[in-house]
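Trainee: Provided herewith is a single structure, encoded as structure tokens, for subsequent inquiry.
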Amino acid sequence: MTATITLVQGDITRQSADAIVNAANSSLLGGGGVDGAIHRRGGPEILAECRALRASLPHSRLRSSGGTPIGRGLPTGQAVATTAGRLDARWVIHTVGPVHQASGGDPALLASCYREALRVADELGARTVAFPAISTGVYRWPMDDAARIAVETVRDTPTAVEEVRFVLFDDRAYEAFVRQLG
Ligand code: AR6
């Protein structure tokens with residue numbers, strides 16, 4: 001089975017779903033964009049679980065975008081789940097999208113975010129999962145290409161998740177996803 005794809009324009013933190021996906025960074029300690037919004041509205045329980053999860057991850061050679069080693073962290077393209085705190089969901093699934101550089105970005109890593117988040121959702125037994133457009137903000141992935149990768153990957157990933165809802169923050173993102181669903 002594959003999931004039915006639906007599109008909504010709005011703020012993902014206002015959604016009701018079994019799981020809400022966060023476009024996090026490797027530190028799992030929060031940030032701006034959708035990550036900041038999820039932690040703000042979801043409350044401190046999410047960060048507490050992220051800290052605990054992070055402590056259980058192996059040390060890596062990961063560096064922040066500024067080049068500072070971040071020590072323990074979630075590698076790009078992987079996903080982990082925590083409580084959803086005060087959000088109207090049971091879980092937040094945190095995944096780390098790839099940064100799009102002037103030289104490009106690795107589309108396999110962006111596809112991996114969607115696949116791994118769905119794998120974690122299946123482990124949890126989630127049936128409805130809300131996704132933001134991963135990597136299209138601070139990480140600068142071009143919107144049309146990100147929408148294509150998101151939609152193709154969800155269409156190609158076998159899952160017991162019944163609904164994948166893309167929650168697009170603005171007109172530009174919403175229209176890019178509409179074009180992909182065509
Ligand atoms: N609901 C839905 N979508 C949103 C929301 C929201 N409340 N807020 C922003 N977006 P970004 P990234 C859209 O930057 O590019 C963070 O600092 C936004 O318009 O949140 O993967 C993390 O900690 C854009 O289309 O995530 C990382 O350091 C999309 O969500 C880094 O940013 C993703 O934008 C991750 O960058």
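The values are calculated or read from the model by the stated rules, or taken from the named source; none is laboratory data. None of the values given here were measured: they were computed from a predicted structure. In this analysis, Cβ positions are derived from the backbone assuming ideal geometry, glycine residues included, and neighbour counts consider all displayed protein chains.
Trainee: Regarding region 122-139, can at least one residue be identified that is over 14 Å from Thr6 (Cβ atoms) and aromatic (Phe, Trp, Tyr)?
Mentor: Within region 122-139, one or more residues are over 14 Å from Thr6 (Cβ atoms) and aromatic (Phe, Trp, Tyr).
Trainee: Given the structure, is Ala121 within 25 Å of Ser16 (Cβ to Cβ), part of a helix (DSSP H, G or I) and at pLDDT 95 or above?
Mentor: yes
Trainee: For region 93-118, enumerate the residues that are modelled with pLDDT of 95 or more, surrounded by fewer than 24 Cβ atoms within 10 Å (Cβ to Cβ) and assigned to a strand (DSSP E or B).
Mentor: Result: no residue meets the conditions.
Trainee: Name the single residue, out of those in region 163-181 being β-branched (Val, Ile, Thr) and part of a strand (DSSP E or B), that is farthest from the ligand (Cβ to nearest atom). Give the derivation first.
Mentor: Step one: filter region 163-181 for residues β-branched (Val, Ile, Thr), giving 164, 167, 178.
Among the residues that remain, those that are also part of a strand (DSSP E or B) are: 164, 167.
Values: Val164: 14, Val167: 5 Å.
Here the answer is Val164.
Trainee: Can you spot a residue in region 149-168 that is in contact with a strand residue (DSSP E or B) (Cβ under 8 Å, 6 or more places away or on another chain), surrounded by 18 or more Cβ atoms within 10 Å (Cβ to Cβ) and over 20 Å from Ala89 (Cβ atoms)?
Mentor: yes
Trainee: Consider Ala160 carefully, then state whether it is more than 15 Å from the ligand (Cβ to nearest atom) and either modelled with pLDDT of 95 or more or not in a loop (DSSP other than H, G, I, E, B) (or both).
Mentor: yes
Trainee: From the list Gly77, Gly73, which one is crowded, with 19+ Cβ neighbours inside 10 Å, of a type outside the set (A, V, I, L, M), within 18 Å of the chain's Cα centre (by Cα) and modelled with pLDDT under 95?
Mentor: On the way: Gly77 fails: modelled with pLDDT under 95.
Step by step, each of Gly77, Gly73 is checked, and only Gly73 is crowded, with 19+ Cβ neighbours inside 10 Å, of a type outside the set (A, V, I, L, M), within 18 Å of the chain's Cα centre (by Cα) and modelled with pLDDT under 95.
Trainee: Just a yes or no: is a residue in region 20-29 surrounded by fewer than 21 Cβ atoms within 10 Å (Cβ to Cβ) and under 18 Å from Leu168 (Cβ atoms)?
Mentor: Within region 20-29 (the criterion being surrounded by fewer than 21 Cβ atoms within 10 Å (Cβ to Cβ) and under 18 Å from Leu168 (Cβ atoms)), the answer is no, since none of the residues qualifies.
Trainee: Go through region 133-153 and give me each residue that's assigned to a loop (DSSP other than H, G, I, E, B) and more than 6 Å from the ligand (Cβ to nearest atom).
Mentor: Selection gives Arg140, Trp141, Pro142.
Trainee: Here's something else I'd like to know. Suppose we keep only residues that are within 17 Å of Arg148 (Cβ to Cβ) and in contact (Cβ under 8 Å) with a residue 24 or more places away in the chain within region 78-105. Which one would you say is farthest from the ligand (Cβ to nearest atom)? Before you say what the answer is, go through the steps one by one.
Mentor: Taking region 78-105 first, the residues within 17 Å of Arg148 (Cβ to Cβ) are 97-98, 100, 104-105.
Next, only the ones that are in contact (Cβ under 8 Å) with a residue 24 or more places away in the chain stay: 97-98, 100, 105.
On the way: Gly97: 4, Pro98: 9, His100: 9, Gly105: 11 Å.
Out of the qualifying residues, it is Gly105.
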